[in-house]
């Protein structure tokens, strides 16, 4: 999938905003939101928050985890652990990118937070590369990937499944027990000539 | 101006809410995008959502153009339309690519009414195959010696690679998924709720279809 499609899916997450206008409840297909009261926080989907922000109709309330102390802890934990730690949010990268991109002024210490989130991402990605390498070397056709977020999984999609497919193909070829036809490669053959003889 | 036009869905009499329909569609879209083969259709959900969209669009037209609510609703509708379009397009791409294979399988499934394609998708697949056949005939076969004109469509069929590896998340506890191992030792694993894995599509194909796991 395309990264912007992952972003699209992430935009369905609910976040908190403080509107600067007053409106009745709005009934959307994905649920009802509101009533909007100027100055009072309420929950809306991320895409709606972004839209209102762009129209300068609200302030974004930074999610709880978007805080230097919390993120520093996560970063330390991520460094210490051999495994992937659980992220505060299934779409932390999408949320961070959108909120810090469109509403950096609503988040205290936004530039530090940006750096820490980037660090966490980098640590996790390097961990992911190491584990992929180990997985391939062990010749396994199965891996467990708990706590990886969708965006992280998506970033290895062009590589890992294809590599595992090829590994399997090689294993099957060397095994010779499995019929090669089950490899499902498409073949275009015209049978006319061979039948003619 | 009608200020109290409620764009709500409360007049809907079905038990499932529009919200549930939307969630189901989103999951179906995601699975369809990530699965190598075509999955059972969700035509009822698509139809239901298209109905909702129409209903919503009529209501939006009653609102003033400058009304903030109108732009919010429009944005949501555009998002939903994107999901539906992309979902249907993905299915059509698969139908075109694996046309012969899908039609062969579908004929068997129709006998037991467990069809994966909607009637219009089925018709589309048949027309598509017919066009391909006519095209091959008119461009190549009619111009080669008659003893070479035989065309076996099944031999040019393309198959989805079910052994490809996919990422998945378990929606509920699934016990004893058997992973075939080439060394002859089959491995059995359990998928705990919320856990994520990468493995071959084939052993979990049925779990995707009955919603026990979700491709990611």
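The values are calculated or read from the model by the stated rules, or taken from the named source; none is laboratory data. Bear in mind the structure is a predicted one, so any value in this text is a computation, not a measurement. Glycine gets a Cβ as well: all are built from the backbone with ideal geometry, and neighbour counts include every protein chain shown.
Structure summary
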item: Among the candidates B:191, B:207, B:162, residue that is under 21 Å from the mean Cα position of the chain (by Cα), farther than 30 Å from residue B:138 by Cα, modelled with pLDDT of 90 or more and at the interface with another protein chain (Cβ under 10 Å from one of its Cβ atoms); result: B:162
item: Among (1) at pLDDT below 95; (2) part of a helix (DSSP H, G or I); (3) closer than 25 Å to residue A:34 by Cα - the single one residue B:81 does not satisfy; result: (1)
item: Number of the exception - residue A:1 against (1) in a loop (DSSP other than H, G, I, E, B); (2) free of Cβ contacts under 8 Å to residues at least 60 places away in the same chain; result: (2)
item: Which numbered condition residue B:128 fails, given (1) at pLDDT below 90; (2) more than 30 Å from residue B:194 (Cα to Cα); result: (1)
item: Subset tally (residues that are crowded, with 17+ Cβ neighbours inside 10 Å and part of a loop (DSSP other than H, G, I, E, B)) for the stretch B:168-216; result: 4
item: Any chance residue B:114 is out of contact with any strand residue (DSSP E or B) (no Cβ under 6 Å at 6 or more places or on another chain) and modelled with pLDDT of 95 or more; result: no
item: The one condition in (1) in a loop (DSSP other than H, G, I, E, B); (2) farther than 27 Å from residue A:150 by Cβ that residue B:59 fails to fulfil; result: (1)
item: Helices (runs of 4 or more DSSP H) enclosed by the stretch A:17-133 - at least 1 residues per element that are within 12 Å of chain B (Cβ to nearest Cβ) and surrounded by fewer than 19 Cβ atoms within 10 Å (Cβ to Cβ); result: A:46-54
